[in-house]
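Novice: One structure, pasted below without further comment.
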Amino acid sequence: MTVELRSDNAASVSPAILEAMTAVNSGSALAYGGDEVTAALESRVREVFEHPTARVFPVLSGTAANALSLSALTPPWGSVVCHETAHILGSEGGATSFLSGGAVMTGIAGEGYKMAADALQAHLDGVRWGDPHHSQPTVLSLTSPSDYGTVYSVPEISELTGIAKTRDLRVHLDGARFANAVVATGATPADLTWRAGVDVLSLGATKNGALSAEAIVCFSDAPADELVYRTKRSGHVTSKMRYQSAQLLAYLTDDLWLRNARNANDRMAELAAGLVEAGVRITNSVDANLAWVDLPDETADRLDAAGVLFYRLDGRVRFVTSWETTSEDVDTVLAVLRDALT
Ligand SMILES: Cc1ncc(COP(=O)(O)O)c(C=O)c1O
């Protein structure tokens, strides 16, 4: 028996996505995104985001989506202001600096792994604007859900983007798990993004049931016009793009993305409730599909021995549920845990 709680990246691919890839696998189609599936994807994104001119760039990884988005939003001398635990800052090997030609990332503090409005304001107030010795903040990048499973509400996003816009910063949202944020907040995709001041979204899909596809969604033309070239020169304009687009189109069809994310969030809620009942301390607010918990080593060892797969990171145990986690999986983990703790 194994129960997979290491990462939603470890989950398999939703059958509907594989079927969609098979369905487009007949005959020829124009290469490099000139195909009908890619056009249909853009139309679907415009519907889902209630934005008639949104533009979409399918890419191959979340890191590429973030680094390319940000490179189209900042000049090389700019600074991308993000939370101090942001994935772009600590976990992407400097991809944003690389693809932007040298922009730096500046980590801002905030409780609950979310940027605090007063900390952002204080940072912007302390910048020597116009002084070339000082990196000039050009982009605000938020991550929701964060790597610690916490989700920004619409008012929280709006407050931060409002502060950023007073200094003409553009706004990026790392939505590697965006569907989980939509389900967690109950807000519309539009309210969580462009209506709250977001200019470019990294829309994740791979963690939530796709095979190898993420999308950059631009809500204005300026970054999109640059991305036409930036995606190509970084090797992200796949020749057989219809297969990337088919994944993303299936993902956004019949609410597959939301159904998958709802399963992940609901299973995590069940797990978190059981952990709390068993007296285990969870160190994050469990808003989506991640829990970071304090677990004695011996208890973690027992889970390990019972076939529960999870990571020990930063002195804590991390559990991540996915679109394919079942209630039986959760029950199994909780049974082993209760046994180990008594
Ligand atoms: C919040 C967040 N952003 C971006 C990424 C990057 O995605 P990828 O691993 O596909 O490059 C991850 C992956 O773990 C993530 O958790």
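The values are calculated or read from the model by the stated rules, or taken from the named source; none is laboratory data. Everything numeric here is computed off the predicted structure, so don't read it as measured data. Cβ: placed from backbone, ideal geometry, glycine included. Neighbour counts: every protein chain shown. Accessible surface is based on the protein model in full, side chains and every heavy atom, while ligands, DNA and RNA are left aside. Shrake-Rupley method; radii C 1.70, N 1.55, O 1.52, S 1.80 Å.
Novice: How high is the relative contact order of the chain? Use alpha-carbon pairs under 8 Å, at least six apart in sequence, and give a whole percent.
Specialist: Numbers: 699 pairs, mean separation 85.0, N = 342.
Answer for the chain is 25 percent.
Novice: Let me ask you something else. Dipole of the chain, Cα-centred, from +1 at each Lys and Arg C-beta and -1 at each Asp and Glu C-beta, to the nearest 20 debye?
Specialist: Numbers: 26 positive and 42 negative charges, 177 e Å.
Here the chain has a charge dipole of around 840 debye.
Novice: With θ set to phi - 60°, apply the Karplus curve 6.51 cos²θ - 1.76 cosθ + 1.60 along the stretch 71-78 and write out the HN-Hα couplings as whole Hz, x wherever there is a Gly or Pro.
Specialist: 5, 8, 10, 10, x, x, 8, x
Novice: Going highest first, how would you order 103-112, 214-223, 306-315 by mean Cβ packing within 10 Å?
Specialist: In descending order of packing, they fall as 214-223, 103-112, 306-315.
Novice: Within the stretch 321-342, name every residue whose backbone N is under 20 Å away from a label modeled 7 Å from Cα of Glu277 along the Cβ vector.
Specialist: Residues passing the 20 Å test: 321-322, 325-342.
Novice: A further question on this structure: What lysines could a cross-link reach from Lys114, if we take a straight Cα to Cα line under 17 Å and drop same-chain neighbours fewer than 8 places away?
Specialist: Answer for Lys114, where 17 Å is the Cα cut-off: none of the lysines qualify.
Novice: Within 10 Å, count the other beta carbons around each residue, average over each peptide in 195-203, 181-189, 295-303, and list them highest first.
Specialist: Details: 195-203: 25.0, 181-189: 20.6, 295-303: 15.2.
So the peptides 195-203, 181-189, 295-303, ranked by packing, come out 195-203, 181-189, 295-303.
Novice: Now, a different point. Which of Asn265, Asn25, Asn289 moves the most in a Gaussian network model of the chain with Cα springs under 10 Å?
Specialist: Result for the chain, Cα springs under 10 Å: Asn25 fluctuates most.
Novice: Further, regarding this structure: According to a simple spin-label model (label point 7 Å from Cα along Cα-to-Cβ), what is the distance in nm between Asp225 and Asp304?
Specialist: 5.6 nm
Novice: Ignoring ligands, DNA and RNA, what percent of the accessible area of the stretch 15-251 is carbon or sulfur (1.4 Å)?
Specialist: It is 54 percent, rounded to a whole number.
Novice: Can I ask one more? Just to compare against my own numbers: the Cα pair-distance distribution for the stretch 195-266, 10 Å bins, whole % per bin, please.
Specialist: 17, 43, 33, 7, 0
Novice: For the chain, compute Rg over Rh where Rg is the Cα radius of gyration and Rh is the Kirkwood radius from the inverse mean 1/r over Cα pairs.
Specialist: Radius of gyration relative to Kirkwood radius: 0.98.
Novice: Another one. Keeping all protein chains in place, calculate the accessible area per residue for the chain (probe 1.4 angstrom), answer in Å².
Specialist: Ligands and nucleic acids excluded, the result is 41 Å² per residue.
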